[in-house]
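Q: My questions all concern the structure below.
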């Protein structure tokens, strides 16, 4: 139904864990990474369902990072963002270790100024509350490269 993120560097085929018209959750077991994508228009219930499903998968699978993209979406509502920050994020913090990485993609083709402002706001808000790394990256390959570099650094210490 949906496409996988374009990658010039990583040929790993993900497991499709969640696939709906409004979004998908993919798992890359070789990297222990989830990729979450929100697509088109979605209801508040659909937004919650996607992120609650992601949280359930994070609790079930070995995970280093979650990469998220909203570039193909119409944007989330203030209600959705408030729920993400106040409810979902606190549950995520309790489910992952301090070396977990949360990455929001800022694809070059996503030029909407308001969406970029919201992405900046979410990144700053979540990173101020997180005991782990919260970053934005320009594309999937950059995000995976960062995750793998951090995993190597962690294994050296």
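Residues are listed down the side, and each one gets a yes or a no for (1) surrounded by 14 or more Cβ atoms within 10 Å (Cβ to Cβ); (2) outside any strand (DSSP E or B); (3) under 15 Å from the mean Cα position of the chain (by Cα):
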site: 49; (1), (2), (3): yes, yes, yes
site: 55; (1), (2), (3): yes, yes, yes
site: 67; (1), (2), (3): yes, no, yes
site: 71; (1), (2), (3): yes, yes, yes
site: 83; (1), (2), (3): yes, yes, no
site: 86; (1), (2), (3): no, yes, no
site: 92; (1), (2), (3): yes, yes, yes
site: 98; (1), (2), (3): no, yes, no
site: 102; (1), (2), (3): yes, no, yes
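Q: I'm trying to understand the selection: among the residues of region 12-24, which are touching a strand residue (DSSP E or B) at 6+ places or on another chain (Cβ under 7 Å), farther than 14 Å from residue 72 by Cα and modelled with pLDDT of 90 or more?
A: Matches in region 12-24: 14, 15, 16, 17, 18.
Q: Let me ask something else about it. Only one of 24, 79 is touching a residue at least 12 places away in the same chain (Cβ under 8 Å), touching a helix residue (DSSP H, G or I) at 6+ places or on another chain (Cβ under 8 Å) and not in a loop (DSSP other than H, G, I, E, B); which?
A: 79 is the lone residue from the list that is touching a residue at least 12 places away in the same chain (Cβ under 8 Å), touching a helix residue (DSSP H, G or I) at 6+ places or on another chain (Cβ under 8 Å) and not in a loop (DSSP other than H, G, I, E, B).
Q: Another question about this same structure. Can you find, within region 38-47, the residue that is modelled with the highest pLDDT among those that are surrounded by 13 or more Cβ atoms within 10 Å (Cβ to Cβ) and within 15 Å of residue 79 (Cβ to Cβ)?
A: Per the criteria, the residue is 46.
Q: When the residues of region 66-78 are narrowed to those that are at pLDDT below 85 and touching a strand residue (DSSP E or B) at 6+ places or on another chain (Cβ under 8 Å), which ends up nearest to residue 44 (Cα to Cα)?
A: Ranking the candidates gives 76 first.
Q: Taking the condition of being touching a residue at least 24 places away in the same chain (Cβ under 8 Å) and under 14 Å from the mean Cα position of the chain (by Cα), how many residues in region 123-145 meet it?
A: Looking only at that region, the number is 13.
Q: Then there is this: Could you go through region 79-89 and let me know if any residue there is modelled with pLDDT under 90 and in contact with a strand residue (DSSP E or B) (Cβ under 7 Å, 6 or more places away or on another chain).
A: No; the residues of region 79-89 include none that is modelled with pLDDT under 90 and in contact with a strand residue (DSSP E or B) (Cβ under 7 Å, 6 or more places away or on another chain).
The values are calculated or read from the model by the stated rules, or taken from the named source; none is laboratory data. The structure presented is a predicted model; accordingly, all values stated were derived computationally and were not measured. Here Cβ is always computed from backbone atoms with ideal geometry, including for glycine, and neighbour counts include all displayed protein chains.
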